[in-house]
Amino acid sequence: MTSQDFNVAVRSTLRGAGQVMFQQSAWTGLLFLAGIFWGAYESHTPLVAYGAVVGLIASTIAGLFTAPSRTPGEAGLWGFNGILVGCAFPTFLGSTWQMWVALIFCSMLTTWVRAGLNNVMAPWKVNSLTFPFVLLTWIFLLASRMMDGIAPDALSTPALTEHFSTTLDTSFGSLVQYWLKGVSQVFLINSWVTGIFFLVGLALCSRWAAFWAAAGSAISLAVAIIFKADAADIAGGLFGFSPVLTAIALGCTFYKPGVKTAIWTVVGVIATVFVQAGMDAYFAPFGLPTLTGPFCITTWLFLLPLFKLNPQTPPTHAEWDSEWDRFVSRLRDKKDSTK
Amino acid sequence: MTSQDFNVAVRSTLRGAGQVMFQQSAWTGLLFLAGIFWGAYESHTPLVAYGAVVGLIASTIAGLFTAPSRTPGEAGLWGFNGILVGCAFPTFLGSTWQMWVALIFCSMLTTWVRAGLNNVMAPWKVNSLTFPFVLLTWIFLLASRMMDGIAPDALSTPALTEHFSTTLDTSFGSLVQYWLKGVSQVFLINSWVTGIFFLVGLALCSRWAAFWAAAGSAISLAVAIIFKADAADIAGGLFGFSPVLTAIALGCTFYKPGVKTAIWTVVGVIATVFVQAGMDAYFAPFGLPTLTGPFCITTWLFLLPLFKLNPQTPPTHAEWDSEWDRFVSRLRDKKDSTK
Amino acid sequence: MTSQDFNVAVRSTLRGAGQVMFQQSAWTGLLFLAGIFWGAYESHTPLVAYGAVVGLIASTIAGLFTAPSRTPGEAGLWGFNGILVGCAFPTFLGSTWQMWVALIFCSMLTTWVRAGLNNVMAPWKVNSLTFPFVLLTWIFLLASRMMDGIAPDALSTPALTEHFSTTLDTSFGSLVQYWLKGVSQVFLINSWVTGIFFLVGLALCSRWAAFWAAAGSAISLAVAIIFKADAADIAGGLFGFSPVLTAIALGCTFYKPGVKTAIWTVVGVIATVFVQAGMDAYFAPFGLPTLTGPFCITTWLFLLPLFKLNPQTPPTHAEWDSEWDRFVSRLRDKKDSTK
C-alpha cells in the first residue's frame, strides 16, 4: 500500500462517518468520531467508540470485496451504516467475543444489503438511507433474545404498555442540553458536548446542514413538549435524532434550500416526531429501540410524492478534497523537514 | 371566491366523502355525511361527525397546496383519506386541543402520502386505496400511547391473547342489523340506520356498488359465523366493513361486472374475513384497530396477479356533474326569485 | 381424461413437491412425499401427510382456473406453496371440518398470490420463493386465535419473553440427528429419517442441491451452537430448515456453483441463522412460527444486490422428463403384458 493509497483509504473511511449526516467530508467525519469518543468515555462506555471504529472499517472493507467501482466507497457510502452498527451493538449487548464477531459480520452485511435496497428503491429516486443499519441491527438485537452468546444486557424489558412521566425540567439550561442531545443521539450518544462536536463538524462541511440539524432538534423538542411525550425520552434527546436527520435530508440534501423547501422540511420534522412516538409504542412489546427507523420512514414518505420544490444539484466537495490533500502534504512536508 | 368556485369547492369536497366507497358523486357523499351525523349522534359521540367534516376539508385543502393539477381534487381523491382520519381520531382519542391539531395535521398528511404511495404502486396498476389513512392513523394512535396530549382513551388495552365469546344472537332481526352495521363501519359508525344511508347513497351513484356492498357484508357475515369468530365483533359489524370495500373494489370498480368478476370478488370477500381476523390477532398486543387495512391488503393481493377478467373502462360521471349543476342552478333561481 | 393427460397431471403435481427445494423432478417430489409420510406417521400425526397431499392438489388445480399458460404448472410451480400449507395447517390447528375447508382455500390462494407477488418482484429479477405460503399461513394461523372453528391447538402461547435452555446434548450421534432434522423441517417434519429421504430425493435430481442442503444444515447448526441459541430449537432442527433453503437457492439455483458462489452462499447461510433467531423473538408475542420466512427474507437480501457471481443458466430437466416417460411406458407395457 503506497502512502497515496493509505491517504485515500483513511479519507474514504472518515467520510463514512460524515455520511451518517450526509456530509462527504473526512474532516466532518473526524469531528464526528471525536464527538463519539468524548461521549463514550463521558458515559463510561468506551467500547461504543471502539465499536464505531471497528464497524466503520469492516463495512468499508466489505465494499472492496464486491463493488464493481470504488467511487461510492471513496464518497464514504460504504461506511455510514457500519459505524452505526458499531455504536449500537456495544450500547445494547454485553461484550462477549461472539458480540464482536456479530458486530463485524453485521457491519459488513450493511454494505451489501444497502446495494440491494438501493436497487429496489432506484425507480422512485430515493435510496435506502440508514435503513440497512436499522433493519440488520433490529434483526441482531432481536436475535440476542434467543442467543446467550450475544445477551441483550442493555435492551429494554419487553412490555405491553409503557408507563412514563411527563414531569420535565424545562429550565433554559436543561432545554439547551436536551436540544444538543437530540443531535448527539444520531450516533446513540447521550452527551450535550458531543452534540456541539457534531454541529461544528456539520458546519465545517455545510452551514445549511448545521442549521437544519439545530433547527430539526429544536422543532422536535417543542413538538414533543407540546404533545406531552415521555419526559425521560425528551431529556435524553430520543425525540430529536430522527428529526435531525429528516431535517438535513429534506432541508438541504435532497432539495435545494429555499422557502418551499423550508416549509416542507418543517412539516417533515413535525411528522417525524409522531412517527418516533408511534414506533416507540409499536416496539415496546419487543423491547427494541427504533434506531433511525422513524427518520427513514418519514423521509421516504416526504420524498416519494416527487414534488418539485427546489431540486438539488449534486454538491461539489472538491474544495474539501483539495483541503485534505493540502493538509496531508503539509504534514508530509513537516515530517520531511524533521528528518 | 366566485359562486362558481364555491360550487366547485363544495362539490369536490363532498365527492371526497363518496370516494371512500369509490363513488365520484357529491350526492353520494352528502348521504354518507348524513349517515355519519345520524350514527354519531345516535351513539352520543357527535365529535366523530364534526371530526369527519374537519378531516375532509383539511385533506382537500392540503391538495391545493401541492398538486400540479386540480383534476384529482375535483374527483374527490384528496378528501377520502382525510374524512376517515376525521372519523377515527375522535372515536379512539380523548378530545384535547392537541388531538384536533393532530387530526388536522394527519388529515393533510394523507393527501401527500397518497401521492407518494401512488407513485410507488403505479408500475403494477394498483393504487394506495385507503392505506394513507390506515398507515398514518396507526402511527398517530400508537403515538397516543407515548403522548399525554393525545391520550388513547378509547383504544383497546394491549393484550397478548383476546378472550372472546362465540355466543351470538342469530335471530333474523339481529342478523339484518349486523349486516347493515358491516356497511356503516366503513366510516367507523356502529349504526344499522347509517348502513341504510350508505346503501342508498351508493345506489344513487351505482347500483352495482350498492349490490356489492350489500353482498360483501352478507358473505363476510356468513363466513364469520361459520368459522365461529368473536361474537361481539360480528354483532358490531367489525367483520363486515373491509369485505364491503373489497367487494365494491373488485366487483365493479377495478373490474367490470360479469360472471368471472363475480366469482373473483366472492373469493376476495371470503379472503378478507381471514385477513381481518388475522390482523385483529396481530394487533392485540398493541391495542390497535386494523382500520381498513384488511381491505387494502386483500384488494392488492387480488389485483396484483393482473388477471384479465373484465377490465374496467373508466366510468363517466358526467351525468352526476350535470345533475349537480342543475340542482345548484335551481337553488340559485329560487334565491333570485325570492329577492 | 386420457392416460396421457393423467400422466402429465401426476407428474406436474409431484414436481410441486420437488419445487419446495427448487427441484423440477417428479421423482424427487415422490421421495419428498415418502419422507413426509414416514415422518408424519412416526410422530403420530398422519393428518400432516394427508394435508400435504390435499394442499398440493388444491393449489395445482387453482392454477388451472386462472393461468393463461400451463407451462409453470407443468414445472411444478403451482404446487410448492400449497403442499407447505397442507403440512402447516394440521401441524398447528385442530382437525375440524372448517380447518380442512380453510386448508383447501388457503392452498388455492397461494397460487394466485404467487402470481401477484411475482409481478411485484419481477423488475428486480427475484421471485416470491415460498413467501405466498408464509404470508397466507401467518394470516390463517393468526386468524385461528379469533375463530373457534379453526382453533390454534398446537401454536405456542403468546409470550413477551421466551425462557430457553442452552444445555444441549452434543454427542456425535445427536449432532447428526439435529443436522438431518434441519433438512426434514423444510416440510415441518421432525424426523432424522425423513431428512435422509429428502437428501436422497435431492441427489436424484441434483448433487449440488443435495450438497448445499447438507452443508446449509451443518453450517447453521454450528453457528447456532457457537452463539448459544435455544437448545430445544437446535435439537428439533428449527435453526436448520431456512438455511437449507437459502443454501440451495444461492448455491446452485440462482447462481451457478463456483468459488465466488460458494463464499456468498456460506455468508448467506450464516446470515439466515440470525434472521431466524430474530424472527423467533419477534413472533413470540404472537405465538406464531416463522415458517420459511427467514429463508425468503435472507435470500432476497442476497439476490437484490444483483452481484455478478456465476449467473445461472436455466437447468435442463429433459433427462428427468424422459426418465419419467420411460418409467411410465414400462409400467404400461407391464400392464399390457398382464392382460
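The values are calculated or read from the model by the stated rules, or taken from the named source; none is laboratory data. What you are looking at is a predicted structure, and each value in this text was computed from that prediction instead of being measured. Positions of Cβ are backbone-derived with ideal geometry, glycine not excepted, and every protein chain shown enters the neighbour counts. Ligands, DNA and RNA are excluded from the accessible area calculation, which covers all protein heavy atoms including side chains. Shrake-Rupley method; radii C 1.70, N 1.55, O 1.52, S 1.80 Å.
3J(HN,Hα) couplings calculated from phi for the range A:133-141 with the Karplus curve 6.51 cos²θ - 1.76 cosθ + 1.60 (θ = phi - 60°) are, in sequence order, 4, 4, 4, 5, 5, 3, 4, 6, 5 Hz; Gly and Pro show x. Ranking of A:Lys228, C:Lys181, C:Lys125 by solvent-accessible surface, largest first: C:Lys125, A:Lys228, C:Lys181 (1.4 Å probe, protein heavy atoms only, all chains present).
Within the full protein context, the accessible area of B:Thr170 is estimated at about 80 Å² for a probe radius of 1.4 Å. Buried on complex formation within the range A:120-146 (loss of at least 20 square angstrom of accessible surface versus the isolated chain, 1.4 Å probe, ligands and nucleic acids ignored): A:Val120, A:Trp124, A:Ile139, A:Phe140, A:Leu142, A:Ala143, A:Arg145, A:Met146.
Model label points for B:Thr166 and A:Val193, set 7 angstrom from Cα along the Cα-to-Cβ axis, are 6.5 nm apart. In plain terms, the chain from C:Val53 to C:Tyr41 could stretch by 2.9 nm, reckoned as 0.36 nm per residue minus the Cα-Cα distance.
Distances between equivalent label points of B:Val176 across the copies, with each point positioned 7 Å along Cα→Cβ, amount to 7.3, 7.3 nm, shortest listed first. Of B:Lys308, C:Lys260, the residue with the largest accessible area leads and the full order is B:Lys308, C:Lys260 (1.4 Å probe).
Inter-copy label distances at B:Tyr41, shortest first and taken from points set 7 Å along Cα to Cβ: 7.2, 7.2 nm. Its Cα gyration tensor gives chain C an equivalent ellipsoid. The semi-axes, each the square root of 5 times an eigenvalue, are 30, 24, 20 Å from largest down.
In nanometres and ascending order, the distances from the A:Leu160 label point to those of the other copies are 0.9, 0.9 (point 7 Å from Cα along Cα→Cβ). Within the listed set C:Asp153, C:Asp169, C:Asp230, the residue fluctuating most in the Gaussian network model of chain C (springs between alpha-carbon atoms under 10 angstrom) is C:Asp169.
Remark: relative contact order (the range C:2-114) = 29 percent; criterion is Cα-Cα distance under 8 angstrom and separation of 6 or more residues. Accessible area per residue was computed with a 1.4 Å probe on protein heavy atoms; C:Tyr50 scores about 100 Å².
About its Cα centre, what dipole magnitude does the protein assembly as shown give when the only charges are +1 on Lys and Arg Cβ and -1 on Asp and Glu Cβ, stated in debye to the nearest 20? My answer is approximately 2400 debye.
The helix-based estimate of mean residue ellipticity at 222 nm for the protein assembly as shown, built from -39,500 (n - 2.57) per DSSP H run of four or more residues and divided by its residue count, is -22000 deg cm²/dmol to the nearest 500. Comparing each chain alone with all protein chains together (probe 1.4 Å, DNA, RNA and ligands left out), the residues of the range B:162-202 losing at least 50 Å² of accessible area are B:Phe164. The P(r) of the protein assembly as shown has a tail past 42 Å containing 41 percent of all C-alpha pairs. Against the empirical 2.2 N^0.38 Å (N residues), the range B:52-171 has a Cα radius of gyration ratio of 1.24. With the cut-off at 1.5 for a/c, could you classify the range B:86-239 from its C-alpha gyration tensor as rounded, prolate or oblate? The shape class here is oblate. A simple spin-label model places the labels of B:Thr71 and C:Gln4 5.2 nm from each other, with each point 7 Å out along Cα-to-Cβ. 3J(HN,Hα) along the range A:99-109, derived from phi through the Karplus expression 6.51 cos²θ - 1.76 cosθ + 1.60 where θ = phi - 60°, amounts to 4, 5, 4, 5, 4, 5, 4, 5, 4, 5, 4 Hz, with x in place of Gly and Pro. Ordering A:Phe92, C:Phe32 by accessible surface, largest first, gives A:Phe92, C:Phe32; the 1.4 Å probe counts only protein heavy atoms, with every chain in place. Debye-formula intensities of the range A:222-316, expressed as log10 I(q)/I(0) at q = 0.19, 0.25 Å⁻¹, are -0.85, -1.24 (one equal scatterer per alpha-carbon, no solvent).
When only C-alpha pairs under 8 Å and at least 6 residues apart count, what is the relative contact order of chain B, in percent? Present the calculation step by step, with values, prior to reporting the outcome.
Numbers: 594 pairs, mean separation 58.5, N = 339.
Relative contact order comes out at 17 percent.
To put it simply, the accessible area of chain B at a 1.4 Å probe is 66 percent carbon and sulfur. Taken about its Cα centre, chain B carries a charge dipole of roughly 820 debye when the Cβ of each Lys and Arg holds +1 and the Cβ of each Asp and Glu holds -1.
Using a Förster distance of 41 angstrom, determine the FRET efficiency expected from the C-beta separation of C:Ile263 and B:Lys308, and round it to 0.05.
0.40
Using C-alpha pairs under 8 Å with a sequence gap of at least 6, the mean separation divided by the residue count of the range C:186-295 gives a relative contact order of 27 percent.
For the range B:9-74, just say rounded, prolate or oblate: build the C-alpha gyration tensor, square-root its eigenvalues into a ≥ b ≥ c, call rounded for a/c under 1.5, and beyond that prolate if a/b exceeds b/c, oblate if not.
Oblate shape, in that a/c is at least 1.5 and b/c is the bigger or equal ratio.
Residue and distance for the chain B Cβ closest to the axis that moves B onto C, in whole Å, come to B:Pro285, 3.
Pairing chain C with chain A buries about 2800 Å² of accessible area. This figure sums both sides and uses a 1.4 Å probe.
Filter A:Lys125/A:Lys256; C:Lys256/C:Lys308; B:Lys256/B:Lys308; B:Lys125/B:Lys260; C:Lys260/C:Lys308 down to the pairs with a C-alpha to C-alpha distance above 18 Å, please.
Details: A:Lys125/A:Lys256 16 Å; C:Lys256/C:Lys308 11 Å; B:Lys256/B:Lys308 11 Å; B:Lys125/B:Lys260 20 Å; C:Lys260/C:Lys308 9 Å.
Flagged as over cut-off: B:Lys125/B:Lys260.
Amide H to amide H, with H built 1.01 Å from N, C:Ala229 comes under 5 Å of A:Asp148, counting only residues 5 or more places away or on other chains.
Using the Karplus relation 6.51 cos²θ - 1.76 cosθ + 1.60 with θ = phi - 60°, the per-residue 3J(HN,Hα) values for the range B:264-273 come to 4, 5, 4, 4, x, 5, 4, 4, 4, 4 Hz, with x marking Gly and Pro. Solvent-accessible surface of chain A, averaged per residue with a 1.4 angstrom probe and all protein chains in place: 38 square angstrom. Summing Cβ point charges (Lys, Arg +1; Asp, Glu -1) relative to the Cα centre of the range A:140-270 gives a dipole of roughly 580 debye. For a test of the definition: using alpha carbon positions, the gyration tensor, and the 1.5 limit on a/c, classify the range B:176-230 as rounded, prolate or oblate. Oblate is the answer for the range B:176-230, as a/c is 1.5 or above yet b/c matches or exceeds a/b.
In this structure the amide hydrogen of C:Gly94, modeled in the peptide plane, comes within under 5 Å of the amide hydrogens of C:Ala151, C:Asp153, C:Ala154, none closer than 5 places in sequence on its chain.
Considering only A:Thr166, A:Thr253, A:Thr28, the mean-square fluctuation computed in a Gaussian network model of chain A, springs between alpha carbons under 10 angstrom, is largest for A:Thr166. Kirkwood hydrodynamic radius of the range B:196-257, from the reciprocal of the average inverse Cα-Cα distance over all distinct pairs: 11.9 Å.
With r defined as the distance between the Cβ atoms of A:Thr157 and C:Val200 and R0 fixed at 51 Å, what FRET efficiency is calculated, to the nearest 0.05? The value I calculate is 0.60.
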